[in-house]
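Novice: Pasting a structure below so you can have a look.
Every number here is computed from the coordinates shown, using simple stated rules; none is lab data. All of these numbers come straight from a predicted model, not from anything done at the bench. All Cβ positions, even for glycine, are placed from backbone atoms using ideal geometry, and neighbour counts span all protein chains on display.
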Amino acid sequence: MKTLKQVVTPNSSVMTLTIKIDWAHLWMAGRGEATIDWGDGTSQTMTLTREGDDYVREYYAISKYTIIITGEVTELECLHMNLIALDISRNSALKELHCDYNNLIRLDVSQNAALVNLSCCENRLTVLKVSQNNALNSINCGYCRLSVDALNDLFRCLPDNGGKITIDGNGGYFECDVSILTAKGWEVEPW
């Protein structure tokens, strides 16, 4: 069994997920070797594929676990895991992130310049940072807790290359300034 210290190098792509539950289910795609440190003293090493695979861990008790993923992950899906923190800032290869149906309060993907598709609906998000994400063309942040100001800030940070965004169910949905989006070529998609 490898420990994290043996796997992480200065050039490694690293993501950290903090959950509070008795199981974890990840779906990942990418290139090369990756390691998941499950946060309970166990780890798993695999070869990532473009098609992706499921990785599951059952814990002995409901508790807080910090999962550390090392490797060139291009797509990550972590749904319904009672995710309370997510740090993907050290994974520049990430193109798709699906972290829906969790308990995230803030999400910062601004260091993920390759990110094209972000789905983070049904979280408790009050802050969503997407600056420097020029490849981004699809966002689903519906049914979070984004205020008028948070939505307008999000809109201002989006690239001018157009895309689709879902924002239904947020506190600021009815009063946000969608003209910021349309000026950038973005369409508001219904839930």
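Novice: I need the phi-derived Karplus couplings for region 116-124: 6.51 cos²θ - 1.76 cosθ + 1.60, θ = phi - 60°, integer Hz, Gly and Pro marked x.
Specialist: Listing the rounded values in order: 10, 10, 10, 10, 9, 5, 6, 10, 9 Hz.
Novice: Report, in deg cm²/dmol and to the nearest 500, the calculated mean residue ellipticity at 222 nm for the chain, where each DSSP H run with n ≥ 4 adds -39500 (n - 2.57) and the sum is divided by the residue count.
Specialist: On the way: 3 runs with 19 residues, N = 191.
After summing the helix terms and dividing by residue count, I get -2500 deg cm²/dmol.
Novice: Still on this structure: Translational diffusion coefficient of region 58-191 at 10 °C, 1.306 mPa s, Stokes-Einstein with Kirkwood Rh over Cα pairs, in µm²/s as a whole number. All intermediate terms of the calculation are to be shown ahead of the outcome.
Specialist: Numbers: Rh = 15.1 Å.
Rounded, D is 105 µm²/s.
Novice: Right, another one. Tell me which GluC sites (Glu not before Pro) from region 103-191 have a DSSP coil assignment and no more than 12 other beta carbons within 10 Å of their own.
Specialist: Working: sites: E122, E175, E187; in loops: E122, E175.
When the GluC sites (Glu not before Pro) of region 103-191 are filtered for loop state and at most 12 Cβ neighbours within 10 Å, E175 remain.
Novice: About its Cα centre, how strong a charge dipole does the chain have in debye, to the nearest 20, once Lys and Arg get +1 and Asp and Glu get -1 at the Cβ?
Specialist: On the way: 16 positive and 24 negative charges, 106 e Å.
For this selection, approximately 520 debye.
Novice: For region 1-135, what does the relative contact order come out to in percent, with C-alpha contacts under 8 Å and a separation of six or more?
Specialist: On the way: 368 pairs, mean separation 33.0, N = 135.
For region 1-135, the relative contact order is 24 percent.
Novice: Ordered by residue, what ³J(HN,Hα) values in Hz, to whole numbers, does region 183-191 give under the Karplus form 6.51 cos²θ - 1.76 cosθ + 1.60, where θ = phi - 60° and Gly and Pro are x?
Specialist: Taking θ as phi minus 60°, the curve returns 5, 9, x, 8, 10, 8, 9, x, 4 Hz for region 183-191.
Novice: Related question: Nearest 10 degrees is fine. How inclined is helix 148-157 to the longest principal axis of the chain, computing both from alpha carbons?
Specialist: It is inclined by approximately 80 degrees.
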